[in-house]
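**Student:** Okay, here's the structure, questions in a sec.
The values are calculated or read from the model by the stated rules, or taken from the named source; none is laboratory data. Computed from a predicted structure; not experimentally measured. Positions of Cβ are backbone-derived with ideal geometry, glycine not excepted, and every protein chain shown enters the neighbour counts. Calculation scope for accessible area: heavy atoms of the full protein, side chains included, ligands and nucleic acids excluded. Shrake-Rupley method; radii C 1.70, N 1.55, O 1.52, S 1.80 Å.
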Amino acid sequence: MEKIIANRFTINDIEKDLLGRGGMGEVYRATDTQTGETVAVKALDPEILRRDSSLLERFLRESGALRQLNHPNIVHIVSAVEEQGRHYIAMEFVEGGSLRDILASRGSLPASEVVKIALEVADALARAHHLKIIHRDLKPANILIAKDGTPRLADFGIAHIQDSSHLTQSGILMGTVDYL
C-alpha cells in the first residue's frame, strides 16, 4: 500500500519499507519525488504525542539539531514536514545498516575498522559538542554505516541542546540503559 507524505515523499509499501521503530515513532524507506533519491522518513507516533505533548517539541528540536549539524559523519536532514497533524523528518538514507546490525551478523570487527569508526564518530560528536548539542544516546543502533564504510551518527531525538534545557528535568538520566 503506497503512502504519500506532503506530496513529496512516497513510501511504496508500509510493511516492507519499515526500517525500524523507536521511542517516538517509526522510520520508513521512501522516495523523494523531487529528486528521485531514497530517503529515510521518521514519523512521529500520534498516540505518543497524545500522551505527552512535550514530545512534539523534542521531535522538532531533533530536526533543528540535524539542520545545524552539517558534518560528513552525521545523517543530514532533507526536510521536516507536518501534514494533517502528523509530523515527519526526512533524512539521508544510509544503505549499509546500523553498527548493531553489522556486529550481530559479523561478530567482532578488526581493530583497524573499530578505530576508523570510533575516530569518525568522535569527530561527529566533537562537531555536535562545538554547537552545544549533546547526543545522549550513543550506541551501535544509532551509528549507521554507509556502503563505503563511512559511519553516520543518527537519532538526535533525546539530545540536549543548550538553549532548550527546559525539556530535561534536573537529575534525570537520558539514554539507553545498557550504554549510559
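**Student:** Accessible area of S63, 1.4 Å probe, to the nearest 10 Å²?
**Tutor:** It works out to around 10 Å².
**Student:** Could you estimate the translational diffusion coefficient of the chain from the Stokes-Einstein equation, with Rh from the Kirkwood formula over C-alpha pairs, at 4 °C and 1.567 mPa s, in whole µm²/s?
**Tutor:** Details: Rh = 17.0 Å.
It diffuses with D of about 76 µm²/s by this estimate.
**Student:** Now for a different question. Placing +1 on the Cβ of each Lys and Arg and -1 on the Cβ of each Asp and Glu in the chain, which of L131, Y28, P151 has its Cα farthest towards the positive end of the resulting dipole?
**Tutor:** Checked the options; the winner is L131.
**Student:** From the backbone phi of the stretch 41-47, what are the Karplus-calculated ³J(HN,Hα) couplings (6.51 cos²θ - 1.76 cosθ + 1.60, θ = phi - 60°) in whole Hz, Gly and Pro given as x?
**Tutor:** 10, 8, 10, 5, 6, x, 5
**Student:** So with the 1.4 Å probe, I'd like the accessible area per residue for the stretch 43-143, rounded to whole Å². Mind dumping the intermediate values first?
**Tutor:** Working: 5260 Å² over 101 residues.
Per-residue value: 52 Å².
**Student:** Which pairs in the list K16/K139; K3/K139; K16/K42 are over 20 Å apart, alpha-carbon to alpha-carbon?
**Tutor:** Working: K16/K139 25 Å; K3/K139 31 Å; K16/K42 15 Å.
Cα-Cα > 20 Å for K16/K139; K3/K139; rest within.
**Student:** For the chain, what does the helix formula give at 222 nm: sum of -39500 (n - 2.57) over DSSP H segments with n ≥ 4, over the residue count, nearest 500 deg cm²/dmol? Kindly include the intermediate steps, with their values, before the conclusion.
**Tutor:** Working: 4 runs with 49 residues, N = 180.
Helix-only estimate at 222 nm: -8500 deg cm²/dmol.
**Student:** What's the carbon and sulfur percent of the chain's accessible surface, probe 1.4 angstrom, rounded to a whole number?
**Tutor:** Values: 5110 of 10080 Å².
Using a 1.4 Å probe with all protein chains present, the chain comes out at 51 percent carbon and sulfur.
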